[in-house]
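The next block holds one structure in the form of structure tokens; read it before the comments.
The values are calculated or read from the model by the stated rules, or taken from the named source; none is laboratory data. In this text, all values refer to a predicted model and were calculated from it rather than measured experimentally. Methodologically, a virtual Cβ is constructed for each residue, glycine included, from the backbone with ideal geometry; neighbour enumeration extends over all protein chains shown. Note: accessible area is taken over every heavy atom of the protein model, side chains too, but ligands, DNA and RNA are not part of it. Shrake-Rupley method; radii C 1.70, N 1.55, O 1.52, S 1.80 Å.
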Amino acid sequence: MQAPKAFEKHLLRAEILDESKLERARTEAAKHELSIIEILPQIGLVDEETVFRALADYCEMRFVQPSKMEIAAEVIDKVPARFATHYGFVPVAMRDGVLVVAVSDPLDATALDGIRLVLKCRIETVVTTPKEIQRATKELYGVGADTMEKILIKEEAEGAVVNLNDTQVSADLGDDKIDASIIKFVNEVILDAVQSSTTDIHIEPFEEQLRIRFRIDGILHQVPVPASIRGFHAAIVSRVKIMANLNIAEKRLPQDGKILATFGDNQYDLRVSILPTPHGESVNMRILSRSSMFLTLDELGFGEADMKLFNSFIVKPHGIILVTGPTGSGKTTTLYAALNKLNNTDRKIITIEDPIEYQLSGISQMQVMPRIGFDFAMGLRSMLRHDPDIMLVGEIRDYETAEMAIRSSLTGHLVLSTLHTNDAAGAVTRLTDMGVEPFLISSTMIASIAQRLVRRICPDCSAAYTPDAAVLREEFGVAADSPLIAGMRHGTGCEACRHTGYRGRRAIYEILPFTHEIKEMTVKRLTSLDIKKKALEQGMRTLRASGWERVCAGLTTIEEVLRVTADSEIVMPSATETDAPIPV
């Protein structure tokens, strides 16, 4: 995209740039062999939207944002995805036989003539940004739409019958070009997921459609894909199986595998799980970034008091520390952060995990393999022969693993592990349900820590707001005129957060130290609710109270805290207790 000198003068007249900034932009543009229009946003002198609004003004055209426009289906149908992608434009409207197209380079007469020739109609040109074109193309046509169209054209050209409702139509693609297109499509889906900070990709077949969804910040979002993708489901699954080193001929049994992927400078582990369903095989890919997944204790979100308490636990010479919560609540990340702090030359640390989610230098890590009988219990028995100081067990799932963990802690080892319970006190009930004797729990437990992840308010669209008075009173016991609500914020929604108002996540904690009184209650087999009440008397803060602190600090919202702590029990405060929340 080459901008004429007159456009540079236009930028000066519009006071978007001054002479010194323009000279700097010229130098950088020449160095990188780019135009002024391309280099300005890259070096941060002017944001992209401002540059292209100025370009539209210079060309005497309208500036539009297609991703925010309601575009009729007949307009989209008029332009095949492969043409829109090839020429880099988006159809936005049809007026009296004239097609309105949004382009990022209105000065490229050759491309505009090509659009007219291909579509065989008159066009009106409007201006938008390259990012808007990329975003709108994906929303209108779906991820990899041009790839799907090319496959269909290839099959039709060879006389193949394309039945989009037949899951076997593309199971045996033999043509190299079609195979390459399937590879390209799968790569596009994975790349789009990585760029969206997705943790899981779900490819789900149904009778009439193939649905692809991304889990972002714990919430599932449906990905727009072309309708033609249903006919290529079997080929897509086969490609994923090949990448994960799985058996492509086996379609009746579940399979698990792993893909190692590199995008740019970052490496990713993709944990692949295949499940058979009546309409074909369902695929889940969990994305683990080797570079960005690992966090230190300081980055996890502990408050000052909680950090001091947690640090006092992990320096104990022996005992068990459990982190509890549902799948995907960040339990393993917390344990990795603890191990990283404890990892030094005078400690022997061994882990047994399923899977090994992060490689820790200086720590011996083992992967369970149930197919050959190597489970957590066997791994624990083997660990003890290697004279460890600290042991991490990925998850306590059964009595045998729990018994071995307790036996290890009794023989002078610090054991870290995870457990699936709703709150910290529930760990006692869960272990006794497995068959562990209460006196063994009492004599080995150091602490139980419940954890959840709340979505953070998007920093780009964060704004102050006043929460609903009824929710404040009923859920948190706080009056509407309390000074506590002064710092509350929410996200209004923007492109950076996919219009959700949230971007990224932060942990909230409920830390239950096993004090002398808690141990006595455990031996007496009192309920988890009784234990929780005693812990509250001793100063424990619940998950909801931890979430409330994040709300008051403007980091998350009341709605988000209520969503992740829906199973927390609440004790309403009295009328005089309106200056502080009292969630229990």
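Quick notes
- Carbon and sulfur %, accessible surface of the chain computed with the full protein complex present, 1.4 Å: 50
- For the chain, the membrane-span-like helix rule (DSSP H, alpha carbon extent of at least 27 Å along the helix axis, mean Kyte-Doolittle at least 0.0) picks out 176-195; this says nothing about an actual membrane.
- The amide H of MET366, built 1.01 Å from its N in the peptide plane, has THR351, ILE352, GLU353 as neighbours under 5 Å, considering only residues 5 or more places off or on other chains.
- In this structure LYS241 has an accessible area near 0 Å², from a 1.4 Å probe over the protein heavy atoms.
- Filter on LYS184/LYS341; LYS68/LYS331; LYS241/LYS348; LYS258/LYS348 - keep pairs with C-alpha separation over 32 Å: LYS184/LYS341; LYS68/LYS331; LYS241/LYS348
- Placing a label point 7 Å from the Cα of ASP346 along the Cα-to-Cβ direction, the residues of segment 408-442 whose backbone N falls under 18 Å of that point are 413-414.
- Cys residues of the chain that find no other Cys beta carbon under 4.7 Å: CYS59, CYS121, CYS552.
- Rough spin-label spacing in nm, given labels placed 7 Å along Cα→Cβ, for MET94 and ILE242: 3.9
- Taken along the Cα-to-beta-carbon direction at a fixed 7 Å, the label points for TYR399 and GLU437 span 1.4 nm.
- Less than 5 angstrom separates the built amide H of PHE374 from those of MET369, all sequence-distant by 5 or more or on a different chain.
- When the inverse distances between all different Cα atoms of segment 345-430 are averaged and flipped, the Kirkwood radius reads 13.4 angstrom.
- Calculated on the alpha-carbon coordinates, the convex hull of segment 348-501 measures out at 198 cubic angstrom per residue.
- Reach of LYS519 by Cα under 16 Å, taken over aspartates and glutamates that are not fewer than 8 positions away in the same chain: GLU437, ASP530, GLU537
- Annotation: amide H of TYR502 within the under-5 Å range of CYS458, sequence separation 5 or more or interchain, hydrogens built in the peptide plane.
- Global form of the chain, assessed from the alpha-carbon gyration tensor, a/c cut-off 1.5: prolate
- Net +/- balance of residues flanking ARG95 in space, Cβ distance below 15 Å, scoring K and R +1, D and E -1: -1
- Added length on full extension, which subtracts the Cα-Cα distance from 0.36 nm per residue, THR110 to ARG82: 8.3 nm
- Antiparallel DSSP beta bridges within the chain, percent to nearest 5: 65
- Dividing the helix sum by the residues of the chain, where each DSSP H run of 4 or more adds -39500 (n - 2.57), gives a mean residue ellipticity at 222 nm of -11000 deg cm²/dmol.
- Prolate/oblate/rounded call for segment 384-458, Cα gyration tensor, a/c under 1.5 rounded: oblate
- Pair THR515, THR27: separation of 7 Å Cα→Cβ label points (nm): 6.5
- Estimated from the Cβ-Cβ distance and a Förster radius of 51 angstrom, the FRET efficiency linking ARG407 and GLN65 is about 0.20.
- Relative to the 2.2 N^0.38 Å rule of thumb, segment 419-531 has a C-alpha radius of gyration ratio of 1.50.
- Looking at the chain, the accessible area is 47 square angstrom per residue; that uses a 1.4 Å probe and ignores ligands, DNA and RNA.
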